[in-house]
Amino acid sequence: MTQKFNICFIMIVLMTTGFVAAADFTDNGDSTVTDNTTRLIWQQQDDDGTRIWIEALSYCEGLSLASNSDWRLPNIRELESIVNASTSSPAINSTYFPNTNSSTYWSSTTNAPNSGHAWFVSFSDGRVSYSGKSGSYYVRCVRGGD
């Protein structure tokens, strides 16, 4: 009984503290990276351009990369899943995601109380917050999952 209790306690602590195990990635050799945990396929490098939110959505939906055209802007949980909290500037595994800007990247997730705002991840420090959709931020597209 004690062992069951300890395992449950550890799981609850991990879930409530936001602890996430380090992601396991595969470089697909075609400018994409697969997250072996979530099975999401990521655009390996962004195009180094910033966009307002509606343009970010359109950019991903229009992206053709690695013979695929079903790219989309990631939701906030997906985008947060590639943060590497053990590093900063950028807070991402730069072996798999080289040249990531230590800056803000849009997610597709609108802020529920204010539809004029959307959530973002700052890859400077891994911070998650929201901003007006007229802000101009970087974009990293994803496919699969959601």
Considering the stretch 89-104, residues that are in contact (Cβ under 8 Å) with a residue 24 or more places away in the chain and of a type in the set (Gly, Ala, Ser), and then whichever is nearest to ASP24 (Cα to Cα), we arrive at ALA91
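With respect to THR34, is the statement that it is over 11 Å from CYS141 (Cβ atoms), touching a Phe, Trp or Tyr at 6+ places or on another chain (Cβ under 6 Å) and at pLDDT 95 or above true?
Numbers: over 11 Å from CYS141 (Cβ atoms): yes; touching a Phe, Trp or Tyr at 6+ places or on another chain (Cβ under 6 Å): no; at pLDDT 95 or above: yes.
Judged against the criteria, THR34 is not a match.
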Restricting attention to the stretch 82-101, report how many residues are touching a Phe, Trp or Tyr at 6+ places or on another chain (Cβ under 6 Å) and of a type outside the set (Val, Ile, Thr). 4
Looking only at the stretch 42-59, decide whether some residue is within 11 Å of the chain's Cα centre (by Cα) and closer than 15 Å to VAL142 by Cβ. yes
For residues that are open to solvent by 60 Å² or more (accessible area, probe 1.4 Å) and without any contact (Cβ under 8 Å) to a residue 60 or more places away in the chain, scanning just the stretch 36-46, find the one that is nearest to TRP119 (Cα to Cα). GLN45
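The rows are residues; the columns are (1) hydrophobic (A, V, I, L, M, F, W, C); (2) in contact with a Leu (Cβ under 6 Å, 6 or more places away or on another chain).
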position	(1), (2)
ASN93	no, no
SER103	no, no
SER108	no, yes
GLY116	no, no
PHE120	yes, no
SER131	no, no
SER134	no, no
TYR138	no, no
CYS141	yes, yes
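I'm trying to understand the selection: among the residues of the stretch 54-74, which are touching a residue at least 60 places away in the same chain (Cβ under 8 Å) and open to solvent by 30 Å² or more (accessible area, probe 1.4 Å)?
First, pick out the residues of the stretch 54-74 that are touching a residue at least 60 places away in the same chain (Cβ under 8 Å): 54, 56, 59-60, 63, 65, 68, 70-74.
ILE54, TYR59, LEU65, ASN68, ASP70, ARG72, listed by residue number.
Checking the structure you have, find out if any residue of the stretch 121-140 is of a type outside the set (Lys, Arg), within 11 Å of the chain's Cα centre (by Cα) and within 12 Å of GLN43 (Cα to Cα). Before you say what the answer is, go through the steps one by one.
Restricting attention to the stretch 121-140, the residues satisfying the condition of being of a type outside the set (Lys, Arg) are 121-126, 128-132, 134-139.
From what is left, the residues that are within 11 Å of the chain's Cα centre (by Cα) are 121-123, 126, 128, 139.
Now narrow it down to the ones that are within 12 Å of GLN43 (Cα to Cα): 139.
Looking for residues that are of a type outside the set (Lys, Arg), within 11 Å of the chain's Cα centre (by Cα) and within 12 Å of GLN43 (Cα to Cα), one finds at least one in the stretch 121-140, hence yes.
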Counting only residues that are among the hydrophobic types (A, V, I, L, M, F, W, C) and free of Cβ contacts under 8 Å to residues at least 12 places away in the same chain, how many does the stretch 110-119 have? 1
Out of SER131, SER107, SER122, sole residue that is open to solvent by less than 30 Å² (accessible area, probe 1.4 Å), touching a strand residue (DSSP E or B) at 6+ places or on another chain (Cβ under 7 Å), under 18 Å from LEU63 (Cα atoms) and free of Cβ contacts under 8 Å to residues at least 40 places away in the same chain: SER107
Evaluate the stretch 62-79: report whether one residue or more is assigned to a loop (DSSP other than H, G, I, E, B), touching a Lys or Arg at 6+ places or on another chain (Cβ under 9 Å), at pLDDT 95 or above and closer than 14 Å to GLY126 by Cβ. no
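Test ALA85 against the criterion of being hydrophobic (A, V, I, L, M, F, W, C) and open to solvent by 60 Å² or more (accessible area, probe 1.4 Å), and give yes or no. Walk me through how you get there before you give the answer.
On the way: hydrophobic (A, V, I, L, M, F, W, C): yes; open to solvent by 60 Å² or more (accessible area, probe 1.4 Å): yes.
Judged against the criteria, ALA85 is a match.
The values are calculated or read from the model by the stated rules, or taken from the named source; none is laboratory data. On a predicted model such as this, the values are computed, not experimentally measured, just so you know. So basically every Cβ, Gly included, is an ideal-geometry build from the backbone, and we count neighbours across all protein chains shown. Calculation scope for accessible area: heavy atoms of the full protein, side chains included, ligands and nucleic acids excluded. Shrake-Rupley method; radii C 1.70, N 1.55, O 1.52, S 1.80 Å.
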